[in-house]
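Here is the structure we will look at, set down as structure tokens.
The values are calculated or read from the model by the stated rules, or taken from the named source; none is laboratory data. All figures in this text were calculated on a predicted structure; none of them were measured in a lab. All Cβ positions, glycine included, derive from the backbone under ideal geometry; neighbour counts span all protein chains shown. Areas reflect the complete protein model, heavy atoms only, side chains present, ligands, DNA and RNA absent. Shrake-Rupley method; radii C 1.70, N 1.55, O 1.52, S 1.80 Å.
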Amino acid sequence: SNIISLIGLGMLFLVYFSIRSFWRFWVTQFLISSNILFFLGDSGEHHLGASTWVYSFAGYLLAISLISKNRRIKSMALIIALWYGTMWWGLLPLMPNVSHEGHISGLITGVLIAFWKMADWKQELAQEPAWLEPKVQGIDKTPNPYDSLTDEG
């Protein structure tokens with residue numbers, strides 16, 4: 001069940017960030033969350049699955065969407081809240097045989113990376129993605145129809 005969440009959050013990540021940032025985030029969150037889980041997890045338990053990665057992506061995307069002043073980015077928080085709203089129950093030790101420590105380490109990792117790389121993502125988010133800027137017959141931007149109107153008669 002984590003594969004669908006990983007694909008969804010990964011695609012949401014790629015809407016706002018480059019593929020290079022995706023892979024940098026993936027490697028960074030894997031290393032950090034694994035170390036946090038090593039110290040946070042109980043000895044003798046097995047922590048398998050991709051839920052740590054899911055919570056890393058969700059924590060990262062949620063943190064940057066709540067910090068950002070851009071409305072387009074803030075909409076990402078709404079998407080995550082509606083799509084993954086029930087996932088936050090996984091942070092509590094309610095279900096047996098589910099590693100809530102892995103969920104917590106993933107969330108902590110995502111939020112830490114969001115604050116650690118804040119300057120990088122602000123710079124990347126300031127640039128509009130190419131798919132938002134339509135090109136009309138060699139014109140870089142869509143012309144404003146009101147530019148041709150004059151105050152004369």
- In region 61-93, residue surrounded by the most Cβ atoms within 10 Å (Cβ to Cβ) [restricted to those that are aliphatic (A, V, I, L, M) and within 21 Å of residue 39 (Cα to Cα)]: 91
- Note on the structure: Among the residues of region 1-26, the number that are under 15 Å from residue 121 (Cβ atoms), open to solvent by 20 Å² or more (accessible area, probe 1.4 Å) and of a type in the set (Ser, Thr, Tyr) is 2
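Condition test on residue 49, is it surrounded by 20 or more Cβ atoms within 10 Å (Cβ to Cβ) and in contact with a Ser or Thr (Cβ under 9 Å, 6 or more places away or on another chain)?
Numbers: surrounded by 20 or more Cβ atoms within 10 Å (Cβ to Cβ): no; in contact with a Ser or Thr (Cβ under 9 Å, 6 or more places away or on another chain): yes.
In short, no.
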- residue 29: open to solvent by less than 20 Å² (accessible area, probe 1.4 Å) and part of a helix (DSSP H, G or I), yes or no? yes
- State which residue pairs qualify: first residue closer than 12 Å to residue 52 by Cβ and inside region 86-105, second residue among the hydrophobic types (A, V, I, L, M, F, W, C) and open to solvent by 70 Å² or more (accessible area, probe 1.4 Å) in any location, beta carbons under 6 Å apart, and separation of 6 or more residues or different chains. 101/40; 105/40
